[in-house]
Amino acid sequence: MVTEAIILAGGLGTRLQPVVSDVPKCLAPVNGIPFLTYVIDAIQKQGITRFIFSVGYKSDSIIDFVDSNYKHLDKVFVFEKEPLGTGGAIKEACKNLYEKNVLVFNADTFFPVDLQELADIHTKQKAECTIALKRMTNFSRYGAVETSTTAIVTAFKEKQFTDKGLINGGIYVLNVKRFLKNKLPAVFSFEKEYLEKNTSNPKLLGIAFDNYFIDIGVPEDYERAQKELSFK
């Protein structure tokens, strides 16, 4: 059982600023509730007990929110003094972990998959990284992900209209020690410089889920969340 989580909450949220400019993206209100609430609550319900928040842009707002609303949460805040990229942020946050494996989440994405199932497959297959993939139809905002019959990730496709396929759901299980053994720089993109460079490697798996998925990174999907998350 994986009980530690890294939440990446350091993004600038540039594309969302036309509609939400006074708070960091992860605190954008959805039906009057900061979006991060949905993320933390869903993760807690599945047995995650320790949280490492990677923060940067408007970090004081995020820290104040978490400290005020989750007073008894076992938590650590890792500061990005300068933008580290998603990979650099994960690498830095990993220094605060106790367990062999960790779950990684994006603070602007809600994708309530079965975390135990994801972690069990990751462990049984002795993977270094396992991605939660979302089955999706008629999409162009995201690049498609291809996998083999044994769930090995074989390709990340460029963004283009796709009638049916898989996308990266932004949730990962990482074997901490093995991940840190990679010769990765202090600042890098987890998606471009780690995931894409390890395609067809048996250590990188992708598991597909049909659960609800929303990424509030653009105004259109942020507005959609206002309607859809009221029922979650």
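The values are calculated or read from the model by the stated rules, or taken from the named source; none is laboratory data. A quick note: this is a predicted structure, and the numbers were derived from the prediction, not measured. Glycine also receives a Cβ, built like all others from the backbone with ideal geometry; neighbour counts cover every protein chain displayed. When the accessible area is computed, the model is the full protein with side chains, heavy atoms only, and any ligands, DNA or RNA have been set aside. Shrake-Rupley method; radii C 1.70, N 1.55, O 1.52, S 1.80 Å.
Its residue count N sets the reference 2.2 N^0.38 Å, and the alpha-carbon radius of gyration of region 1-91 equals 1.06 times that reference. Magnitude of the charge dipole for region 4-153, about its Cα centre and with charges confined to Cβ atoms of Lys, Arg (+1) and Asp, Glu (-1), is about 220 debye.
Measuring between their Cα centroids, region 103-159 and region 160-198 lie 10 Å from each other. In the full protein context, the chain carries 48 Å² of accessible surface per residue, based on a 1.4 Å probe and ignoring ligands, DNA and RNA.
Over all distinct alpha-carbon pairs, what is the Kirkwood Rh of the chain in angstrom?
Numbers: mean 1/r = 0.0559 Å⁻¹.
Here the Kirkwood hydrodynamic radius works out to 17.9 Å.
Taking the accessible area of the chain, probe 1.4 Å, and keeping the other protein chains in place, the carbon and sulfur fraction comes to 51%.
State the extension gain, in nm to one decimal, for the chain segment bounded by Lys164 and Thr123, taking 0.36 nm per residue of separation less the distance between their alpha-carbons.
Values: separation 41, 0.36 × 41 = 14.76 nm, distance 2.87 nm.
Full extension of this stretch gives 11.9 nm more.
A 27 angstrom limit on the alpha carbon distance is what I want to check against. Which of Lys45/Lys181; Lys100/Lys183; Lys25/Lys45; Lys126/Lys183; Lys71/Lys124; Lys45/Lys81 exceed it?
Working: Lys45/Lys181 32 Å; Lys100/Lys183 19 Å; Lys25/Lys45 23 Å; Lys126/Lys183 20 Å; Lys71/Lys124 35 Å; Lys45/Lys81 32 Å.
Checking Cα-Cα distances, Lys45/Lys181; Lys71/Lys124; Lys45/Lys81 exceed 27 Å.
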